[in-house]
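Data block below; observations after.
Computed from the coordinates by the stated procedures, all read-outs in this text should not be read as laboratory data. This one's a predicted model, so the numbers in the text were calculated from it and none came from an experiment. Using ideal geometry, Cβ is built from the backbone for each residue, glycine included, and neighbour counts are taken over all protein chains shown.
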Amino acid sequence: MSQTIATAPGKIILFGEHAVVYNRPAIAAPVTQLRATARIEDMREPGVRLCAPDLNREYWLADARDDDPFARAVLALAQTAGLTEWPALKITVSSSIPMASGLGSGAAMAAAVIRALAFHLGLDNLAADEAVADLTYQVEKLLHGTPSGIDNTVVAYEKPVYFIRQRPKNQIETLKVARPCHLLMADTGIYSITKDVVGDVRRQWQSDTERFERIFDNCGRAAESARQSMELGEIDRLGKLMTQNQRYLEEMTVSSPELERLVEAAQTAGALGAKLSGAGRGGNMIALVREDREELVRLALLRAGAQDVFKSVLT
Ligand code: PMV
């Protein structure tokens, strides 16, 4: 009985969330120590068994609901591969990425399942980064409406990316980081549904287009400057740009008192910059810190109500 394992990382959005949906540039990076894992095993019993032990769930693919993200990932691969008959398989997913927290847990789960299945079935062309990103996007689209494509890209490529949503093909450039960036991610512990927040921003954009276009432009400019700063190793400037981006997100009304308390605490404890990351209204914030300040900022974040603080170094 053979078995195949693939994993995909969590992600943070460093610059340009929301504005990226409206075709402005954004920067995202993988969080390699938080991962989703998919394991595929051949079975004797016919059928495809889906197992998610973290959620205490086990069921047949044939019984899955239409909006089941696990099944959608499996079916996205099957459709593209033109698979009509399934071998008997057990697919197990597990993840250390907190859910609904702006860390890309859904995209990572889909990417891990798609890559593991592609390898297991000998469809190596569909296990390549670009194919995994495209298939993961299909899953995101079914479940989230109008995703920009940045989440699926960064979890599939597993590199910091500068991303612009555009047709017919998104602009995707992997970024070279001149100096390691030490980041702390602090979880508000508040679940936030990306689709709802993105929908709310759309409604506001529709009723006040000019103002929102201006905010999106500002986010786009911050992302462009941040890209330069990362490539030149200008860490202080990068921090300032993060805090600036946080102000634009506040103007969009996607921040929250809990996120702002964490941003404030990080800065008071000496972070170079801080902002929410992802859809907002909950989930995680990120702070850029000098290594020698890391512990101080971590403790300040916990005192300010963070449920958890993770470390990540961008290189
Ligand atoms: O909440 P997350 O981590 O899925 O991030 C959403 C990022 C948005 O820019 C708000 C939406 C998108 O599709 O890019």
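What lysines could a cross-link reach from residue 176, if we take a straight Cα to Cα line under 23 Å and drop same-chain neighbours fewer than 8 places away?
Once the sequence-local lysines are set aside, what remains near residue 176 is 11, 159, 240, 275, 311.
Could you give the nm distance between label points at residue 169 and residue 303, where each point is 7 Å from its Cα heading toward the beta carbon?
Placing both labels 7 Å along Cα→Cβ, they lie 5.2 nm apart.
Can you pull the percent of Cα pairs in the stretch 217-315 with separation above 18 Å?
I get 43 percent for the Cα pairs in the stretch 217-315 exceeding 18 Å.
Just for the chain, what percent of DSSP beta bridges are antiparallel, to the closest 5? Provide the component values of the computation, followed by the final result.
Details: 48 of 52 bridges.
The antiparallel fraction comes to roughly 90 percent.
For the chain, take the longest principal axis of its alpha carbons; what is the angle in degrees between that and the long axis of helix 105-120, to the nearest 10 within 0 to 90?
40 degrees
Write out the trypsin sites (Lys or Arg not before Pro) in the stretch 169-210 meeting two conditions: DSSP loop, and at most 15 other Cβ atoms within 10 Å of their Cβ.
Qualifying residues, ordered by number: 169, 176.
For residue 59 and residue 204, calculate 0.36 nm times their separation in residues minus their Cα-Cα distance, and state this gained length in nm to one decimal.
This chain segment gains 48.2 nm when fully extended.
Can you sort 50, 249 from fewest to most other Cβ atoms within 10 Å of each residue's own Cβ? Display every interim value, and only then the final one.
On the way: 50 22, 249 25.
So the ranking, lowest neighbour count to highest, is 50, 249.
Residue 195 label point, 7 Å along Cα→Cβ, cut-off 13 Å on backbone N: hits in the stretch 26-66?
Taking a point 7 Å out along Cα→Cβ of residue 195, the residues of the stretch 26-66 whose backbone N falls under 13 Å are 66.
So if I place +1 on the C-beta of Lys and Arg and -1 on the C-beta of Asp and Glu, and nothing else carries charge, what would the dipole magnitude of the chain be about its Cα centre? I want it in debye, nearest 20. Walk me through the numbers on the way to the answer.
Values: 36 positive and 40 negative charges, 83 e Å.
Using only the charged Cβ atoms, the result is roughly 400 debye.
Counting helices only, and only those DSSP H runs with n ≥ 4, report the 222 nm mean residue ellipticity of the chain as the sum of -39,500 (n - 2.57) divided by its residues, in deg cm²/dmol to the nearest 500.
The helix contribution divided over the chain gives -13500 deg cm²/dmol.
Return the distance in nm (one decimal) between the two label points of a simple spin-label model at residue 2 and residue 85, each offset 7 Å from Cα along Cα→Cβ.
Distance between the two pseudo-spin positions: 1.8 nm.
Between residue 123 and residue 66, what is 0.36 nm times their sequence separation minus the Cα-Cα distance? Round to one decimal in nm.
Result: 18.0 nm gained on full extension.
In percent, how large is the relative contact order of the chain, given Cα pairs closer than 8 Å and 6 or more residues apart? Walk me through the intermediate numbers first.
Working: 709 pairs, mean separation 68.8, N = 315.
22 percent.
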